[in-house]
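Written out below as structure tokens is the structure these notes cover.
The values are calculated or read from the model by the stated rules, or taken from the named source; none is laboratory data. On a predicted model such as this, the values are computed, not experimentally measured, just so you know. Cβ placement follows ideal geometry from the backbone for every residue including glycine, while neighbour counts extend to all protein chains displayed. Side chains are part of the model used for accessible areas, which takes the heavy atoms of the whole protein and leaves out ligands, DNA and RNA. Shrake-Rupley method; radii C 1.70, N 1.55, O 1.52, S 1.80 Å.
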Amino acid sequence: MQRALFGRSASLAQQAAAALDGPLASRSAPALQRLERSMSSVNIPPPECMLRPLEVPLRYLFGPGPSNVPPRVLAAASRPIIGHLHPEMYEIMNDIKKGIQYAFQTDNNMTIAMSASGHAAMECAVFNVVEPGESVLITVNGIWGERVAEIAERIGANVHRLVKAPGGYYTNKEIEQAIGKHKPVLFFLAHGESSAGLCHPVDGIGDICRKHNCLFLVDTVASLGAAPIFMDKQKIDILYTGSQKALNAPPGTAPISFNEIACNKMFNRKTKPVSYLFDMRHLSNYWGCDGKPMREYHHTGPVSGFFALRESLAILAEKGLEESWRKHKEVSAYFYKGIEDLGLKLFIPDKDLRLPSVTTISIPEGYEWREMLTYIMKNHQMEMTGGLGPSISMVMRIGLMGYNCEKANADKALHALADALKNCKKSKA
């Protein structure tokens with residue numbers, strides 16, 4: 001009797017299992033999931049969007065950054081994760097340091113990559129070398145000077161601004177007069193002012209800063225790899241950049257370097273930097289720059305981001321800096337001619353002051369720039385952008401940098417612009 005009951009129970013169990021694997025199961029599974037959720041102890045259900053696969057469109061990133069990333073760099077970023085404190089990770093970080101030294105043209109030992117975007121490097125520089133009450137002088141000819149000024153004010157610095165219209169150029173005489181007047185501990189200049197499309201000359205400014213015992217801080221987020229910069233030769237005390245432009249890597253890492261003069265100021269502070277995460281006393285150890293035998297835990301670095309940055313620096317080393325500079329100059333000159341052939345006006349009149357990686361075009365008369373950019377995105381799957389900060393409503397910005405720096409891409413951008421000029425409404429005013 002018991003055997004018969006067990007037999008019938010087993011048969012029913014098999015039938016139930018078959019039903020769960022059959023067509024009925026596919027129909028009843030959502031209902032079962034809803035039942036399980038209704039009996040769950042959580043009050044917030046899983047969002048429907050998280051139950052769909054990730055979808056990302058393919059686009060031409062011809063704005064001021066990020067730019068499209070080479071398959072080789074994407075492949076590097078997809079490699080298996082290792083521990084951020086593993087010996088192999090330290091070797092990769094050492095490689096990155098050497099790659100940054102090459103890109104910056106510096107022998108500085110205090111050379112690292114921030115675990116965040118270029119803004120983090122900007123804050124790291126100011127937080128570590130400026131103390132409350134100290135005087136700083138900042139050129140403001142676009143948004144990046146505005147940002148550095150605000151960062152310095154937030155930590156209590158005495159901020160002096162040297163203001164010009166977007167894309168304005170400073171003579172060395174103007175800079176020295178302002179430094180002599182304000183006696184700053186830090187002078188800031190954006191080498192690549194991407195909001196205006198300006199590549200500012202640097203020669204001679206380092207000598208002025210040394211003469212006045214002032215640190216020279218330079219932003220090369222939009223220019224590194226696209227225009228020549230020589231940290232040691234040009235006597236730049238602190239230099240930083242971002243990963244996502246001419247360096248070919250995804251956003252999220254930011255190389256920065258301090259020379260011995262900057263380190264002397266940085267490590268002989270009276271007060272601690274306001275940020276623990278950006279404190280170079282800790283970061284120098286994490287990157288093996290402080291001479292200590294052991295690296296201690298400070299934060300968990302972006303392992304995949306460092307893989308990508310290392311690969312992007314390897315591409316730059318293989319190509320060579322001079323070839324990268326030459327290519328950006330050649331493609332940008334080709335693009336400038338195409339822009340002028342369309343009847344458009346380049347925002348920076350002096351060709352020697354134009355940023356090779358990001359071209360700025362004066363908004364064509366009678367056109368609404370937002371409408372043009374929306375049309376280009378919709379019909380060409382292509383990103384171009386308007387101005388930023390003080391250059392809003394003044395310019396449109398097109399970036400052809402790193403992996404995107406090709407004449408074929410310049411032709412694509414010119415075709416999209418011509419199409420927008422033809423099909424977007426022009427006002428009668």
request  = Starting from 0 in steps of 10 Å, tell me what percent of the Cα-Cα pairs of the range 277-351 lands in each bin.
outcome  = 15, 24, 22, 20, 15, 5, 0
ask   = Using the alpha-carbon atoms, what tilt in degrees (0 to 90, nearest 10) does helix 172-182 show relative to the longest principal axis of the chain?
value = 80
message = I'd like the orientation of helix 118-129 relative to the chain: the angle between its Cα long axis and the longest Cα principal axis, in ° from 0 to 90, rounded to 10.
response = 60
Nearest-ten-degree value, helix 321-341 long axis tilted from longest Cα axis of the chain = 90
message = With both bridge residues required to lie in the chain, what share of the DSSP beta bridges run antiparallel, to the nearest 5%?
response = 50
query = Counting pairs of alpha carbon atoms under 8 Å apart in space and at least six apart in sequence, what relative contact order in percent does the range 179-242 give?
reply = 35
note = Taking the reciprocal of mean 1/r across every pair of different Cα atoms in the range 115-231, the Kirkwood radius in Å is 14.1
note = Rounded to the nearest whole number, the per residue volume of the convex hull around the C-alpha atoms of the range 338-383 in Å³ is 93
inquiry  = Please list, ordered by chain and number, the residues whose modelled amide H lies under 5 Å from the amide H of MET394; skip anything fewer than 5 residues away on the same chain.
reply    = GLY387
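Grab the other residues whose beta carbon is less than 15 angstrom from that of ILE205, score K and R as +1, D and E as -1, and report the net.
Net charge around ILE205: -3.
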request  = Can you tell me the relative contact order of the chain? Whole percent, Cα pairs under 8 Å, sequence separation 6 or more.
outcome  = 22
key: Dipole in debye (nearest 20) - the chain, about Cα centre, beta carbon charges: Lys, Arg +1; Asp, Glu -1   = 780
message = What does the charge count around ALA249 come to, taking other residues whose C-beta lies under 13 Å from its C-beta (Lys +1, Arg +1, Asp -1, Glu -1)?
response = +2
ask   = What residues qualify as long-range amide H neighbours of LEU215, i.e. H under 5 Å apart, gap of 5 or more or another chain, H built at 1.01 Å from N?
value = LEU186, PHE187
ask   = What is the diffusion coefficient of the range 121-186 in µm²/s, taking the Kirkwood radius over Cα pairs and the Stokes-Einstein relation at 25 °C with a viscosity of 0.890 mPa s?
value = 204
query = Ordered by residue, what ³J(HN,Hα) values in Hz, to whole numbers, does the range 303-313 give under the Karplus form 6.51 cos²θ - 1.76 cosθ + 1.60, where θ = phi - 60° and Gly and Pro are x?
reply = 3, 5, x, 5, 4, 5, 5, 4, 5, 5, 5
key: GNM flexibility winner over the chain from GLY225, GLY168, GLY204 (Cα, springs under 10 Å)   = GLY204
note = Counting only DSSP beta bridges with both partners in the range 147-272, the antiparallel fraction in percent, to the nearest 5, comes to 40
message = Going by average Cβ density within 10 Å per residue, which order do the peptides 56-69, 130-143 take, highest to lowest?
response = 130-143, 56-69
query = What does the accessible area of TRP144 come to, in Å² to the nearest 10, when a probe of 1.4 Å is used?
reply = 40
remark   = Label model pair GLN381, ALA317: point-to-point distance (7 angstrom along the Cα→beta-carbon line) in nm is 3.5
key: 1.4 Å probe accessible area per residue over the chain, in Å²   = 50
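What number, in percent, do you get for the relative contact order of the range 312-402 if the mean sequence gap of Cα pairs under 8 Å and at least 6 apart is divided by its residue count?
Rounded, it is 24 percent for the range 312-402.
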query = Ranked from highest to lowest mean number of other Cβ atoms within 10 Å per residue, what is the order of the peptides 174-183, 408-417, 302-311, 245-254?
reply = 245-254, 302-311, 408-417, 174-183
key: Residue-averaged [θ]222 nm for the chain, counting only DSSP H segments that reach four residues, each worth -39500 (n - 2.57)   = -13500 deg cm²/dmol
note = Any lysines whose Cα falls less than 27 Å from that of LYS272, other than same-chain ones fewer than 8 residues away, would be LYS97, LYS183, LYS235, LYS292
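With the cut-off at 29 Å, report for the range 163-322 the share of all Cα pairs above it, as a whole percent.
Within the range 163-322, distances greater than 29 Å cover 25 percent of Cα pairs.
Which of the peptides 208-221, 189-202, 154-167 is most tightly packed, and how do the rest follow, judged by the mean count of other Cβ atoms within 10 Å per residue?
Ranked by mean Cβ neighbours within 10 Å, highest first: 189-202, 208-221, 154-167.
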ask   = In whole Å, what is the distance between the alpha-carbon centres of the range 128-174 and the range 343-394?
value = 26
Dmax and Rg, reported as Rg then Dmax, of the range 166-254 (C-alpha, Å) = 13.4, 41
remark   = Two pseudo-spin positions, 7 Å from Cα along C-beta at LEU353 and at HIS212, lie apart in nanometres by 2.0
ask   = If the viscosity is 1.567 mPa s and the temperature 4 °C, what Stokes-Einstein diffusion coefficient in µm²/s follows for the chain when Rh is the Kirkwood radius over Cα pairs?
value = 53
ask   = Can you give the extra length, in nm with one decimal, that the chain gains between ASP107 and ASP232 once fully stretched, where that is 0.36 nm per residue apart less the Cα-Cα distance?
value = 44.3 nm
request  = Sum up the charges of everything whose Cβ sits under 15 Å from the Cβ of GLY83, counting Lys and Arg as +1 and Asp and Glu as -1, but leave GLY83 out.
outcome  = -1
